[in-house]
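Participant: If you scroll down you'll find the structure; I have some questions about it.
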Amino acid sequence: MRTLKNNSLLKLVNAYLIDASQPSNISYLWNFGSLLALCLGIQIITGVTLAMHYSPSILEAFNSVEHIMRDVSNGWMIRYLHSNTASAFFFLVYLHIGRGMYYGSYKSPRTLAWSIGVIILILMIGTGFLGYVLPYGQMSLWGATVITNLISAIPWIGQDIVEFIWGGFSVNNATLNRFFALHFLLPFILAALVLMHLIALHDTAGSGNPLGISGTYDRVPFAPYFLFKDLITIFIFFFVLGFFVFFMPNYLGDSENYIMANPMQTPPAIVPEWYLLSFYSILRAIPNKLLGVICMFGALAILVLLPLIDLGRSRGFQFRPISKIAFYLFVVNFLMLMKLGACHVEDPYIMLGQICTVVYFSFFFIVLPCVSILENTLTDLGTSKDGGK
């Protein structure tokens, strides 16, 4: 223990994983952070292993993935671990953000940690998109074509930027090389941002708690209490991930992506992976291309503004019944956007997507501020009434 506290590198591990004091009443909803760190570790290890056998060429990319699956020792398991952990990564990060929204983790003094978390989410989405292109199946090619073409919505210079990214006049060999290089690099930047996220959290007020009050007086060390608590969810995570990897590895993938990319044949429907469907649905809901792109990126960026939007005096929604109902409706609306993103672009899905998009932005710009003011007013009235007695 003395070595852990005296060594300049190991004392950081000791400060965050052993001696770090945590509120004694945090629940299993606070375990998502450790699970996300585990996912990032798995993705980096499996990704580097896959890169040893992958060929970033439009002529060889698809066959190199098949070579990994069929010829490399345990290559199928590494590849399925990488693809299924990506889905688990996004599933857990959405739960992590939802927990943060519900318990007000974005409020001061944790605003910086929240802002870095939103940057991590945006970078994750970019990394996930780049990785989806690398197998160079049908959906990879056409997904890359559609998404990169969105940049052409920028007035005057948009098309030039698209051609610069492509390295030509369409998705080609240069594009795949660039996407592979970026996909290899970004996870390490993500790891650095995660470390910044941890520092911003632990060097301010530390973790919040379900009551939304200061946990200064009732805290316990991270080890062994929360270390073993995290291990419980880690074992459950490995069980579920193992079930997907060994029994239904392709369940979350698109069947079109198991066909070699053909620029002469368009798939019946071009859709991203399930974890990006909500934002894709927002993009499709707006008839104007430029406005659709702005709304899609705005749907992510607006999370940074939550500390300013939530005007409630208490932290979180657990003791604010109207805000709690609004939050649950927001979650249902987000899941509906996800479902609509996988549907064909036809009525009634177009209209439903537009309604859900309006509801999504209304939650941030109208519902949450108004409900916060209403609850503050009701609290003041209740306090003055009690004081009158």
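The values are calculated or read from the model by the stated rules, or taken from the named source; none is laboratory data. Only a predicted model underlies this, so the values are computations on that prediction, with no experimental measurement involved. Heads up, the Cβs are rebuilt from the backbone with ideal geometry, glycines too, and the neighbour counts pull from every protein chain shown. These area figures cover heavy atoms from the full protein model, side chains too; ligands, DNA and RNA do not enter into them. Shrake-Rupley method; radii C 1.70, N 1.55, O 1.52, S 1.80 Å.
Participant: For Lys339, which aspartates and glutamates qualify as cross-link partners when the Cα separation must be under 14 Å and same-chain residues fewer than eight apart are set aside?
Facilitator: Leaving aside aspartates and glutamates fewer than 8 places away in the same chain, those within reach of Lys339 are Glu273.
Participant: Moving on to the next point. Per residue, how much accessible area does segment 267-377 have with a 1.4 Å probe, in Å²?
Facilitator: 49 Å²
Participant: Give the carbon-plus-sulfur fraction of the accessible surface of segment 112-185 in %, rounded to a whole number; probe 1.4 Å, heavy atoms of protein chains only.
Facilitator: Here carbon and sulfur together make up 78 percent of the probe-accessible area.
Participant: To continue, here is another question. On a 0 to 90° scale, report how tilted helix 111-133 is relative to the longest principal axis of the chain, with both axes built from alpha carbons and the result rounded to the nearest 10.
Facilitator: 20 degrees
Participant: Find the centroid of the Cα atoms in segment 1-51 and in segment 176-206, then give the distance between the two in whole Å.
Facilitator: Taking the Cα centre of segment 176-206 as reference, the centre of segment 1-51 is 14 Å away.
Participant: In degrees, nearest 10, range 0 to 90: what is the angle between the Cα axis of helix 75-102 and the longest Cα principal axis of the chain?
Facilitator: Approximately 30 degrees, to the nearest 10.
Participant: Starting from the exponent 0.38 and prefactor 2.2 Å, build the expected Rg for the chain from its residue count and divide its actual Cα Rg by it.
Facilitator: The reported ratio for this selection is 1.08.
Participant: Kindly provide the chymotrypsin sites (Phe, Trp or Tyr not before Pro) of segment 247-337 that DSSP labels as loop, not H, G, I, E or B, and whose Cβ sees at most 11 other Cβ atoms within 10 Å.
Facilitator: Tyr251
Participant: What number comes out for the charge environment of Trp114, summing +1 per Lys or Arg and -1 per Asp or Glu over other residues with Cβ under 14 Å away?
Facilitator: Net charge around Trp114: +3.
Participant: Across 10 Å bins from 0, what is the distribution of all Cα-Cα pair distances for segment 183-303, in whole percents?
Facilitator: Calculated over all Cα pairs of segment 183-303, the distribution is 9, 18, 31, 26, 12, 4, 0 percent.
Participant: Would you compute, for the Cα atoms of segment 4-73, the largest minus smallest coordinate along each principal axis and list the three values in descending order, in whole Å?
Facilitator: 55, 32, 22
Participant: In whole percent, what relative contact order does segment 132-225 give with Cα contacts below 8 Å and a gap of six or more residues?
Facilitator: It rounds to 15 percent for segment 132-225.
Participant: Another question about this same structure. What is the distance in Å between the Cα centroid of segment 214-292 and that of segment 90-151?
Facilitator: What the calculation gives is 10 Å, centre to centre.
Participant: With every protein chain left in place and a probe of 1.4 Å, what is the accessible surface of Lys11, to the nearest 10 Å²?
Facilitator: Accessible surface of Lys11 is approximately 100 Å².
Participant: What are the ³J(HN,Hα) couplings of segment 337-349, residue after residue, when phi is run through the Karplus curve with 6.51, -1.76, 1.60 and θ = phi - 60°? Round to Hz, x for glycine and proline.
Facilitator: Along segment 337-349, the couplings run 4, 5, 5, 5, x, 8, 8, 5, 7, 7, 5, x, 5 Hz.
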